[in-house]
Every structure is written in structure tokens, then in C-alpha cells.
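Below is one structure, written out as C-alpha cells; comments come after it.
The values are calculated or read from the model by the stated rules, or taken from the named source; none is laboratory data. Please read these numbers as outputs of a predicted model, since none were measured by experiment. Note that we place each Cβ from the backbone using ideal geometry, even for glycine, and neighbour counts take in every protein chain shown.
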């Protein structure tokens, strides 16, 4: 179930209009600041005993409805796999 609590950026400022489920665990803002990747666990589409497993990665474009978020990876991962997000720094 989603709450109305917005996800925060690196600063603690909320992102307006983004509902965050209590099943989402991590997020990382894209370098251009236009969106962010986040992990979440499945909701009611899985049996209750499996809803804290099968983590997946999604991308949210800020300013769009969260129902339009793009699935990135995780559907084929094992039940207990954990996705860790890191933004690599590059040098020009």
C-alpha cells in the first residue's frame, strides 16, 4: 500500500506528487536531476508471505505519475536478492 509521504532527494526536500510505498528501500537521484532509481518489493500481486522478497529496480521521472515508472531489473532475481544502488563518479 502506498502512503502519501513523498520521497526525499539528497537534501531532505520532498518531491511533490510522488507517493512512496513503505516497501521501497533505496533511491538514487539521476545526475541530471530529472528522475531517480528506486528499489521496491512486490505488493498484493504476490502472496503475503512473499511480499518482503523479490526486490526490483524502477526508474521514476520527476513530474510524472508513479504508475508510469519504468521497470529496470530484478524480475528474474532469486527470492532473497538485494539490489544496491550506487552512482559512479566519472572524470572528464
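When we screen 78, 44, 14, 6 for residues that are surrounded by fewer than 16 Cβ atoms within 10 Å (Cβ to Cβ) and at pLDDT 90 or above, the only hit is 78. I'd like the full set of residues that are in contact with a strand residue (DSSP E or B) (Cβ under 9 Å, 6 or more places away or on another chain) and part of a loop (DSSP other than H, G, I, E, B), limited to the range 37-62. Within the range 37-62, 41, 42, 43, 55, 62 qualify. Residues that are modelled with pLDDT of 85 or more and surrounded by 14 or more Cβ atoms within 10 Å (Cβ to Cβ) were ranked within the range 47-58; the one that is farthest from residue 30 (Cα to Cα) is 53.
Taking the criterion of being in contact with a strand residue (DSSP E or B) (Cβ under 9 Å, 6 or more places away or on another chain) and surrounded by 10 or more Cβ atoms within 10 Å (Cβ to Cβ), the residues of the range 65-74 that qualify are 66, 69, 70, 71, 72, 73, 74.
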